[in-house]
Structures are given as C-alpha cells and as structure tokens.
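Have a look at the structure below, then the notes.
The values are calculated or read from the model by the stated rules, or taken from the named source; none is laboratory data. Note that the structure is a prediction, hence the values are computed from the model and not measured. Note that each Cβ is placed from the backbone with ideal geometry, even for glycine, and that neighbours are counted across all protein chains shown.
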Amino acid sequence: MARTRAPERTLLPGDEPLSLLRKDGTPVDDSPLSMPDDDVLVELHRRMVVGRRFDTQATALTKQGRLAVYPSSRGQEACEVGAVLALRPTDWLFPTYRDSVALVTRGVDPAETLTLLQGGWHLGYDPYEHRVGPQCTPLATNTLHAVGFAHAARLKGEDTAALVMLGDGATSEGDTHEALNFAGVWRAPVVFLVQNNGYAISVPMSKQNAAPSLAHKGIGYGVPSVLVDGNDVAAVHAVVREALESGGPTLIEALTYRIEAHTNADDATRYRTSDEVAAWLDRDPVDRLEAYLTSRGLLDNARRAAVAAEAEEFAASVRAKLNVDVVPSPDELFEHVYATTPRHLREQAAALREELA
Amino acid sequence: MARTRAPERTLLPGDEPLSLLRKDGTPVDDSPLSMPDDDVLVELHRRMVVGRRFDTQATALTKQGRLAVYPSSRGQEACEVGAVLALRPTDWLFPTYRDSVALVTRGVDPAETLTLLQGGWHLGYDPYEHRVGPQCTPLATNTLHAVGFAHAARLKGEDTAALVMLGDGATSEGDTHEALNFAGVWRAPVVFLVQNNGYAISVPMSKQNAAPSLAHKGIGYGVPSVLVDGNDVAAVHAVVREALESGGPTLIEALTYRIEAHTNADDATRYRTSDEVAAWLDRDPVDRLEAYLTSRGLLDNARRAAVAAEAEEFAASVRAKLNVDVVPSPDELFEHVYATTPRHLREQAAALREELA
Amino acid sequence: MTAVSEQVSMAGALNRALGDALADDPTVLVFGEDVGALGGVFRVTDGLAARFGEQRVFDTPLAESGIVGTAIGMAMNGLRPVVEMQFDAFAYPAFEQITSHLAKLRNRTRGRVSLPVVIRVPYGGGIGGVEHHCDSSEAYYTHTPGLRVVTPGTPDDAYRLLRDSIASPDPVIFLEPKRRYWAKGALPSPAGSGSIGFDRALVRRAGRDVTLIAYGPMVATALETAEAAAEEGWDVEVVDLRSLSPFDDETVCASVVKTGRAVVVHEASGFGGYGAEVVARVTERCFHHLHAPVLRVTGFDIPYPPPKLEEHHLPGVDRILDAIARLQWDDEVVGSYRA
Amino acid sequence: MTAVSEQVSMAGALNRALGDALADDPTVLVFGEDVGALGGVFRVTDGLAARFGEQRVFDTPLAESGIVGTAIGMAMNGLRPVVEMQFDAFAYPAFEQITSHLAKLRNRTRGRVSLPVVIRVPYGGGIGGVEHHCDSSEAYYTHTPGLRVVTPGTPDDAYRLLRDSIASPDPVIFLEPKRRYWAKGALPSPAGSGSIGFDRALVRRAGRDVTLIAYGPMVATALETAEAAAEEGWDVEVVDLRSLSPFDDETVCASVVKTGRAVVVHEASGFGGYGAEVVARVTERCFHHLHAPVLRVTGFDIPYPPPKLEEHHLPGVDRILDAIARLQWDDEVVGSYRA
Ligand SMILES: Cc1ncc(C[n+]2csc(CCOP(=O)(O)OP(=O)(O)O)c2C)c(N)n1
Ligand SMILES: Cc1ncc(C[n+]2csc(CCOP(=O)(O)OP(=O)(O)O)c2C)c(N)n1
Ligand SMILES: [Mg+2]
Ligand SMILES: [Mg+2]
C-alpha cells in the first residue's frame, strides 16, 4: 500500500494560538511568526478602520431598508483584513456572505459588494476583475471551488493560490472535508481560513465539534494546520502569507468573535450573555493594533484622525450609492440562464413583457 | 467559547499498527493489547475458516450465475470475524456490501445474507433479528445511521453500541466526516471500523488520502483513534471489544488487503501487480492465527480437519439454498413502498396482474 | 389542547403541533440547526427546548446529511425524529440520505424497517429572501417513491398535517410555505384534528366553472383569485391539494369532471415541475370532460430571482385570471400560455 | 477522425468522443472515480489516462460532491472538466453542488462565470444491477433551470451529443443509458457530427398514426414497438428527444399535430416524472389536434426493483402497444392506464 507519510510535526497545530501581539498590544516575545513590515502594519490598521466603518454603515442601511439583510463581521476585522492583504495579486479569494469587509478590502466596489444583500442581483461584481469568487451562501461549498480553482492553476502552470474563507459551523459540512481531502491529495495551493467566531448562528462550538481545535482536522488529510489568534491582525497576516506562499494546502483556524448578532435579523440575546460579548470587546483587534502602533510611534492623533476621516468618507460614498434605487429590468430574469437564451425562455420573457405593457 | 478539550494522547493513533501476533504467528512481546482468551481464539479461528469457505463459495456461485455479483472479503477475515465476535449481544452491526462474512459470522442465514446479491430482493434478513443493519451500498451513508442508532440507544437508556464498517475509499465521503463529528459531539457509543484494504475499486490509498494514516482523522472530531494490524484477528478483536465497551466513539483503522478483485466483475490486473497480492497472501490472517494456535497446542490436525469439514458442510448448505430459484411475486413490487399501499399503487399492481394474466 | 376559536399564525400552529406531539409521545424528538435555544430562525421551535429539555429538542452540528442520516438511525431504533432543514436549498446536502435511504428503506427491507421521520422544510419565496433561501423543491421529493410530501395552506391545516405527519409510519417531507408563516387563522378543535384525512385534498371553495388547483403558499392566492374571478363572472372552485404525494385523484377529478376546466398553480419553475404531473393525471383521467387543456401558472424556468424581481416571478392573481380567461370559454383555438 | 461505416458500441463511441475532445482541446480534463488506470467500471474512459497522461485523465478521491465542486472551480479557472458519476444514485451526494452552483452560477453572476462542465451519469436499469445502480434520475435535473440534460439513444448520437456537450458553454448532465452501452452502430462521419443540432429532437422513424416519444434507453424499445405496431396496422412515428432540457417543442409538436395521438415512454417512475412534462407541454400546445389524451408508459411508482423483478417494471414493447391501443381509435371513452 503506497502511503504518503507527511511529517506529523507540521500537520498538527500548537496548543496555543500563534500570535504576535498580546491583547494589550504589547508584542509577544518568542513568536515563531515574523512581524509584518511597518508599512504593512500601518496599512492593516487603515483598512481595518475603514472596513469597520463600512460594516457599521451596512448594518445601519438594513435599518433604513436599503439592504435586505446584512451579516456583520464586526470584531473579525483582523481576519477579514489581515488575510486579504496577505493575498498576492495573482491569488484568488473565495469568500462567504459574512466577508463583505474582505471584499471591499480587496478593492471590490462597495455597491457591487452589497448588490446581493441589497436584493438587486445575486452578485454585483465581476469575479475576474479582482479575483474574488462569488460570495457563497450554501455553507462550505466554496471550499471545493477553491480547491478546483487552485488545482487548475497548478495544471495551467500559474502561480495562483486560493484563499477560501469559512466559519466554524461550516467545518461540519461534508464539503469542507471533501475539500481538505482533495487539497491534501493534490497538494493544491489552497488556504482554508476558518474564522472561528464562536457561533454558527446560535450554536456554540461545544455543540459543533469536540476536537481540541478545528485546526486538528488538518492532519486527517495530510494538510498542515495552524491555530492563530484571530484578533491579532499581524499574526493572521503572517500565517496567511506564509501559507499562500507554501505552494500547498494549509488549514488555518483563527480564533475570533462575532460581536454583532448573526445578521441584523437575528436576536443574539437568546443564546449568549452580554458578559461574553463584553469580554471579547476587550480583545478588540483594532484597539490592539492601535496600541502597538502608538507604542512604536507609527500612529499618532493626526494619522488616527486622517484614517477616521477616510472611513467616514467611504461610508458616505456607500450611503450615496446605496440610496440610489436601482431596480433591474424584468428582462434580466431570463438572461444568462444559459449562454444563449433558449426559445422557451424567450417566450416566457415575451409573455412577461406583454403582461407588464 | 466553550470548548471540550479531550486529551490529545488518546485521540491520535500510534505510529505503528497495534498487534498481538506477528506475521509468522509468534506473539508480540510488549503489546498494549491483551490477548483474547483461548476459547475466543479458537472460536475466531473456526469462524474465519468457515467465513473464508463461505466467501469462496459465493464467488463460485457468481460463475454459475446464481449471484448477480459478489464482493469478496478474502484476506479481510480478521476484520470481518474479529470485529463481529467482539460485539456484545445488545450491540448492533452496520455493514457494507463487502461484509457478508461478517453477517454470517453474526448468525444471519447465508441465503438471507445473499438475497441482495442474488437479485431476489434488496435485503433478505430481518435487521432486528440479529441486530444487523441492511448491507449498505451508497458509501459511507451507514456511518450516520450507526451514529443515530447509538445515540437513540443512549437516549433510551440502553447499553447498545453500534459497530459500523466502511472501507478506505468511503472515508473520503462527506458522510463519514459528518458521522465522526456527530459521534464526537454526542459522545455516541459508535465504533467506526475502517477496513483499509488498500483500494477503492482501482484507486490506491495514495490517491485517496494524504494523511499519515486514516486513523489520524479522529482527532479532528475529538474521537479516540486506533491503528491496528487488520490481519491480526486477536488484535482486531481486542481493539474492537475495548472500543465497544468504552461507552463513546472510536475510530479504528485496520490495515488489511483485498485479495480478490473488487467484485467478480472487476479485473484487478489493470491496476495492481501480482507481486503485491503475493506479498499480502504471505500475511494471511488465518495462517497467522493457525501458527499461533498450533504453537500453543490449541490446534491440531484433528481440530483442523473438523473445522474444515464444518466449513465444507456450510458451503454445501449455501449451494443447496442458492440453487433453489426463488423468484419473488410481481405483487411484491408494490408492497412496503408505504406502510399502507396507496390507491395509485394498488391500481398499478392491478394493471400488472392483468398484464400477466 | 386548543380552543377552536383561537387565532394563531401558521408558525404558531406548527409550534403548537410540535409541542403537543412532544407531550403526547415520548419517542418524538426535534432537532436540527438552531432549533434549540434560538427556537429556529422562524421561531417554529420556540420554547420547546426549555419545555422538553435538551434530550428531546436540540441543536446539531451544521450538516444536513448528518441530520437526516442520524434521524434515520434513530428511527431504526424506535424514535420519531422531526428535523428541520433551515431553508429549502439547504436540504440538498441531504439528498442522498433522503432519496437512497429515507424513501426506500421500508421497501428495501420488505417492511421490516419503518422510518417515521418528518423533515420540515421552510420553502418557497415571497419574503424578499436572497438566493438559496426561496427554492420550491417539491418536485424533487414528489418524484421519489416512498416519501410522503405534504404542505399546508392555512394555520389549522399546518397543525393538523404536522400532527398527522409525526404520527405517520412513513417518512414525510413537510413543506412549510414560509411566506405564510405569519398569516393568522383558527386552530382546529382537538376532536376535528384528524377529520380531513392525511392524504386527502380539500375543496376550499366550491364553484361551477373552473377548478383552481393549488397548494401551500398558493392556496391563499388561489382563494383571492376566486374572489376576483367572481367579479368577472367565473365561479371558481379551489382545491387545496395538501398531500402532494400520494395524490388525491378522487377529489381532484371529481372537481374537474364537474367544471370541465382546470388551472394548476405553483411557485416552482414550470418545466418538469409538480404541476406537470397534475396536468398529466387530470388529462389522462378527465380528457373527455375537458373543454380546454389544463393550464399551468408557475414560476418561470429560471433560478429563483433576487428580491427586487421576485414579484414578477411569482404567480399572482392577475396571471391566474389571465390563464382562466384562456380556457376556451367560447371554444376558440387554445392559446399557449408561457409555453 | 472516424469513418462513417465503422461499427462501434455506445461505450466505444463515448470513449472515442472523449479521446477526440481531449486531443482537440487542451483545456478538456476527464476525472472521477476509477476513470484512470481502470478505464471506468464500464470502460468508457479506457486507455485515456495512458494516452493523455495523469494530468488530464485522473482518479479522484471517492467523493461525488468533491468531484463536482472541484470541477466547478476548475471551470471557473478556464478548464473544461468532464467528470463521471459511477452510477446514477451515486450522483446524489453532489446534488447541492449541481443544483445550487453548477446550474445557477452563470445566472447568479450575470453571465460573467461560465461553467462548461459535463457530468456523465450512467443511468437506468435493464442490466440486472442491484439497488442504487439502476435509477433514472433525469427528472431531478430537468426541473433545474440552467442545466442542459441530454441522453443518446444510439452510438452515433452518443458520439455527437458528447462532443456537443463538451463544446457547450453550459453545464450538461449527460445521461448514458447503461443497458445500451454494448449496442453497436455506426459512428457519424466527422462532417456530419454537428448536423442534428445540440438541442433538437430527431424523428427516428416517420409514421402517420401515432407519435411515440422516447429517449435514451427507450429509443430502441420504441423503434421495436413501431415495427410490431406496423403488423397491427398502426403507422408509428418515433421521436427521440435527445435533449431533455431544453425541450424541442417544434419537432415534437409538429409530429403530434400530424398524428393527433401520442405516447411518451420512459424507465423512470411516472409520478412527477419527465413524461409528465411532455404530456403537459404537448397537451397545452396541441390540445385541439389530439384525438386522445397523451399517455405515459413508465416505470411504476416504486423504488427500482431487484434484478429478478426488473423486467416487470421496465416498459417493454407489449406495454407500449397496449397504450397505443388505448388511444381512442374509435373515440370511445378513454381508459386510464397505470394511473
Ligand atoms: C448548507 C447550508 N445550511 C444552512 C445554511 C443556513 N445558515 C446560514 S449561516 C449559518 C451559520 C454559519 O455559521 P458559521 O459557519 O460559523 O459562519 P458565521 O455565520 O459564524 O460566519 C447557517 C446555519 C446555509 N447557508 N447553508
Ligand atoms: C456514494 C457512492 N459512490 C460510489 C459508489 C460506487 N462504489 C462501490 S464500491 C466503491 C469502492 C469502495 O471502496 P472502499 O470504501 O475502499 O471499500 P471496499 O470496496 O474496498 O471494501 C465504489 C466507488 C458507491 N457505492 N457509493
Ligand atoms: Mg461562526
Ligand atoms: Mg477499500
């Protein structure tokens, strides 16, 4: 029986999450990770602040009925931003519904990012423009797309890695496991970033999985695995970058927390305490980086204000764009079901046009 | 975030498969397993010999057209017999298409065991009679049935464990992983016995999985895992018994080999060498136990002959039963689709009766 | 036990049915994603975990095949699981367990294994949901022998059908029209709870001229259409199928034979949809009584559209009236609608 | 390049089509369970791994959702995967990937993402296969907008349709009637390979009295029936649908308008089966030309039976003749067949 025996050492995560910055922003002494360059840290900060402002703006838009629904990633900015800024230009991102901040960080137009959640169409952006797959709602299904995409890149001789995002809950779906297995066997250049934010809607980790950590799944597929502090943007950036450059698959579990409810429609008080939320607010990823940057002299009040102003401006532009009511034409219903619209759909389109005339 | 942290030590298998008997039948010196009692060993031998004879008889029946198809478990008797004899009376077995020897070892009538493969009906035996689930063809789906069954037993306060059998290939299906995860979270009394016989039809392990071993999957679910020599019936019996009595889930990978082709319809020369087969014939599970029993004075020529005679007799009874051509009545087509046959099926039954009149 | 006059929403009626079933039968279990503390995303299981405990009403890991597969195992061991798929499209991961095992196991085992499992699926559109949250997947299930497929149109029927489903020895796909979750109605009196018959259709409104065949979310729409049609001089009979499989030929054909005209309505795409079966059956059985072909008013043959366009996709009163108008009232050549 | 007169089996024709597509287009990939060294359990991919190398023709881990899901990712990245599901029922684990992604992604992305994926599915019965190896699952796919569903009835069409499917920018469910794998026929000449049209039905036998609508495994049975019917004085026209979705209304209705009578035949269960759509469409469009209701001859509404009983389940010549006989030749009241 031929058996690829990868060395176990790299396949199991450590007992404690990797980190570079402590909760209070002081640097960890003997981290095996290397601290990103100063300019990267400064950029990570800027994007987290802008991302968070985008996120609160989107939540506000649900209240005004401009968005059908919005799943906030508040509290998860270190993952959303740290991972995306680790992508190389040729890499691809495969996000979920929760990763709107990742999308805008990647450069996707905020209005196009929100098209789905606004109810205008199922997807607003061109995946090929920014190398971002469609935001994926059926849980875990995007993991397989990422593996296929990355394997195809390898077959085509391209240096493209895929970064796929998923939640703690999504790791329970069969597709996640099939994807890890295919990635392991093919040694596909895919990074699985599990944002373990503590809950799958209302279901806590204790009812989701009994492993020592979700990163302990990797060894079962021969996929190297890392556990990282998901509120430490420097650490997330470092591990994702290393994984993307490794040329093979990696499973990363980032420990973080969803500060808001599952979506604006959810009532989180039904399943968790405000104390728990408060404890996590105390581990805020933006505060942490700010403390470090300030101590390093990389952030002062002027810069802070400038970034805040940029975030406000961004939010204003989002509001402006979303307040324009774009209703797609009913004709679009029948387009792109097939490459060429077949006769029965042309007939149905004609009937609808007549009805609306 | 609440997190059940099971101790890692028990969750990872050892580097080498556990065993009690070496290839040549000499006992392993410092095995952590305890050797089954002499009477159990003698019984394991008898059942393996009878099981193997049943298996060759079934293969022969395909040549005579008495069976539609037969997937042989020749070479895997240590798993089929060792695991089944470890079951306690209240335990349940959830077998696959390959586990006919396990079924007859459990006491299922051989003709009823072969009803499926003979083409007479989808299942010949009453699952409740011998506590044996239907032989399962859609790969890995039975793992979930076993978990649900075992969890229900727990809820009902019954001391029933479930033993589910699956192949190396089936571990790649999403259902296997969902089952391990549910079992881990529920601490359900289920034993997953993966008979790693080297191939999923033609696909070798190297294309199926890149983990150090399949037993390394367990830790990702908090499920204790064991790697065992699947041609060492004493060891298989010991680990399965221990797992069944543990009251929680266990993943066992038994390393063995499928001596015959996938089924009688398969041509194994297309994907493997005869040298490989020969090497495994040299590790025969029956020979191994015989050597040990002989050295211990538990097996002599008379006993050997008696067991062989019993096996012949059993084979003869199988032949006799299978040579009776039982064709089910066409009326049965419409029965048991629902608990009570609805009108449209009664009409269809009537139409067919008229047609055949 | 519920009084006949109390007004409850369909979600409330379903909650009541689950609670009563859990109370009446200790083998009933309720599980799925978020059905415990949260009470389900539509609150259908609200309060049940607190009332019956975590052993009987519980959250599972997030895995639909796992939910259905373990439900099958539990049913084999004598329990009656009622599981929830969070939304229609999220039942697809369980398709193999449903099709290859849940539907077939009784037949495969010659009746030795009974699987009294209920799979609750909030289905259909009309609530402004984003993609994958509005599928009408009934045709996948109704084409699978061994499954019962039912869907209520009113709160009282929701209660009745769910109780009947949980009591049924057969596996049931229980489709809940999510856009009707909040519509109110009376609950049946306990005595009347079994009176309709589990697999019988119901004439919701008697009429002479044309039969409107509807189910689930379209029952209310059909009744509205009947009122509108009355103004145009058509006396419309509305049949609520309730049980999509098995199909109640008797009730439906009696109506069509009487009226001589029929329209079947559903939200799902028309092509290969459930309505095709209704057309085919009714035509086979009532051909010589038909003055016009049985027409279908259905969703278009497209993926479910985004919220801003769903109003155009979903059959409404006008579109149904339009179909009625094309039923050859003066025996001219039939037009083909949305062909 | 193949000569027009060469006789090959359908499996051989499919093998040829795959080989030619792999040779013509470097973006074509073939993968699945056992398609490499073994050449597939039906030998349809025989020799391809050796000829094109392990990069282009390869075995995957045993996971159907994984196969389809990774194929989607590969297609997003510019490749044209042709994947095999080993048997019909073993495609069900991939149902979510097929339904929620493969079928919808073009529409969801407003045409920006094209998924030229072909899923080959050996389907149907008639080979004495045990349970789960004989399902006719076409109705699940044909009801899913965005998928093309095709099935060949002859070796030459197998070649042509598979080449067309691989060339198609749309995802295609390619249903291979496994009981016809070994039937021989001529391959099309290269020049004629595109001449039928990818989504056109084909009149396989002209006739005046009644239209027999068939596809896949039933095409041969329909032609046999037509010969037998001729002896009874009926001149039967046989239409081979080829493309189940989209449906070729034009060809089918032209035939039915001409004959005034029609029977649709398939192996799958009748209830909610594909035949219902055919009946409904044809009836909607040709009502006033019909002398009798369009009848269906299908498998019973039961799980696929064991080998020893499958002959009773599968539509055969006699049962089809019987249906033809019930087409109101002297305008008596229609009987309901297998209703
Ligand atoms: C296949 C599937 N099942 C169920 C759902 C409904 N659903 C949407 S989000 C969600 C919870 C996901 O939790 P997690 O993966 O932890 O991601 P998070 O929302 O926390 O980011 C559920 C159950 C879905 N989208 N897809
Ligand atoms: C879901 C599913 N996919 C595919 C198959 C077809 N199939 C039957 S056996 C087999 C190989 C199984 O290999 P393994 O799990 O190692 O078990 P073994 O046959 O070696 O005992 C395959 C692919 C199936 N039965 N079910
Ligand atoms: Mg989460
Ligand atoms: Mg194997």
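Quick rundown of the values:
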| item | result |
| --- | --- |
| Residue, surrounded by the fewest Cβ atoms within 10 Å (Cβ to Cβ), within region A:36-67, restricted to residues that are more than 19 Å from A:S317 (Cα to Cα) and touching a helix residue (DSSP H, G or I) at 6+ places or on another chain (Cβ under 6 Å) | A:P36 |
| Single unsatisfied condition, B:A215 versus (1) within 16 Å of ligand 4 (Cβ to nearest atom); (2) over 19 Å from B:T137 (Cα atoms); (3) within 20 Å of the chain's Cα centre (by Cα); (4) surrounded by fewer than 24 Cβ atoms within 10 Å (Cβ to Cβ) | (4) |
| Residue among A:T294, A:T273, A:T269 that alone is away from ligand 3 (no atom under 16 Å from the Cβ), surrounded by fewer than 19 Cβ atoms within 10 Å (Cβ to Cβ) and away from every other protein chain (no Cβ under 14 Å) | A:T294 |
| Filter pass, D:R110 being closer than 30 Å to C:I302 by Cβ, within 14 Å of chain A (Cβ to nearest Cβ) and buried (at least 23 other Cβ atoms within 10 Å of the Cβ) | no |
| Condition broken by A:T143, with the remaining ones in (1) within 23 Å of A:A86 (Cα to Cα); (2) within 8 Å of chain D (Cβ to nearest Cβ); (3) more than 16 Å from ligand 3 (Cβ to nearest atom) satisfied | (3) |
| Matching option when the condition is touching a Lys or Arg at 6+ places or on another chain (Cβ under 9 Å) and without any contact (Cβ under 8 Å) to a residue 40 or more places away in the chain, among C:R205, C:R200, C:R112 | C:R112 |
| Matching option when the condition is at pLDDT 95 or above, touching a His at 6+ places or on another chain (Cβ under 8 Å) and in the same structural domain as B:A238 (by TED's automatic domain parsing), among B:R98, B:R106 | B:R106 |
| Residue within region B:197-211 that is within 12 Å of chain A (Cβ to nearest Cβ) and closer than 20 Å to B:T10 by Cβ present | yes |
| Scope region A:295-316; condition polar (S, T, N, Q) and touching a residue at least 60 places away in the same chain (Cβ under 8 Å); matching residues | A:S295 |
| Of the criteria (1) more than 7 Å from every other protein chain (Cβ to nearest Cβ); (2) at negative phi; (3) assigned to a loop (DSSP other than H, G, I, E, B); (4) not hydrophobic (A, V, I, L, M, F, W, C), which one C:T225 fails | (3) |
| Residue in region C:53-62 that is within 16 Å of ligand 3 (Cβ to nearest atom), within 14 Å of another protein chain (Cβ to nearest Cβ), in contact with a Lys or Arg (Cβ under 8 Å, 6 or more places away or on another chain) and among the charged types (D, E, K, R) present | yes |
| All positions within region B:220-240 that are hydrophobic (A, V, I, L, M, F, W, C) and not in a loop (DSSP other than H, G, I, E, B) | B:V226, B:L227, B:V228, B:V233, B:A234, B:A235, B:V236, B:A238, B:V239, B:V240 |
| A:T113 vs. criteria surrounded by 23 or more Cβ atoms within 10 Å (Cβ to Cβ), more than 14 Å from chain C (Cβ to nearest Cβ), touching a residue at least 12 places away in the same chain (Cβ under 8 Å) and away from ligand 1 (no atom under 14 Å from the Cβ) | no |
| Of all residues making up region B:327-357, the number that are surrounded by 13 or more Cβ atoms within 10 Å (Cβ to Cβ), more than 9 Å from chain C (Cβ to nearest Cβ) and part of a loop (DSSP other than H, G, I, E, B) | 2 |
| Region B:98-110 - residue that is part of a helix (DSSP H, G or I), away from chain D (no Cβ under 14 Å) and within 15 Å of ligand 2 (Cβ to nearest atom) and, of those, surrounded by the fewest Cβ atoms within 10 Å (Cβ to Cβ) | B:L103 |
| Among (1) more than 10 Å from chain A (Cβ to nearest Cβ); (2) part of a helix (DSSP H, G or I); (3) among the acidic types (D, E); (4) within 27 Å of A:A179 (Cα to Cα) - the single one B:D175 does not satisfy | (1) |
| Residue match in region B:146-168 (condition: assigned to a strand (DSSP E or B) and in contact with a Phe, Trp or Tyr (Cβ under 6 Å, 6 or more places away or on another chain)) | yes |
| Residue among A:N181, A:N142, A:N197, A:N231 that is within 16 Å of ligand 4 (Cβ to nearest atom) and crowded, with 24+ Cβ neighbours inside 10 Å | A:N181 |
| Extreme residue, farthest from the other protein chains (Cβ to nearest Cβ), among residues of region B:178-196 that are more than 24 Å from D:L38 (Cα to Cα) and under 17 Å from the mean Cα position of the chain (by Cα) | B:L193 |
| Residues of region D:157-194 classified as within 12 Å of D:A13 (Cα to Cα), assigned to a helix (DSSP H, G or I) and at pLDDT below 95, total | 0 |
| Residue ID - farthest from ligand 2 (Cβ to nearest atom), chosen from residues in region B:60-80 that are closer than 15 Å to B:M165 by Cα and charged (D, E, K, R) | B:E77 |
| Top-ranked residue of region C:247-270 - restricted to ones that are in contact with a helix residue (DSSP H, G or I) (Cβ under 6 Å, 6 or more places away or on another chain) and not aliphatic (A, V, I, L, M), ranked as surrounded by the fewest Cβ atoms within 10 Å (Cβ to Cβ) | C:G260 |
| Qualifying residue in region A:202-211 (condition: crowded, with 24+ Cβ neighbours inside 10 Å, in a loop (DSSP other than H, G, I, E, B), touching an Asp or Glu at 6+ places or on another chain (Cβ under 7 Å) and assigned by TED's automatic domain parsing to the domain that holds A:A279) | yes |
| Some residue of region C:165-179 being over 15 Å from the mean Cα position of the chain (by Cα) and of a type in the set (D, E) | yes |
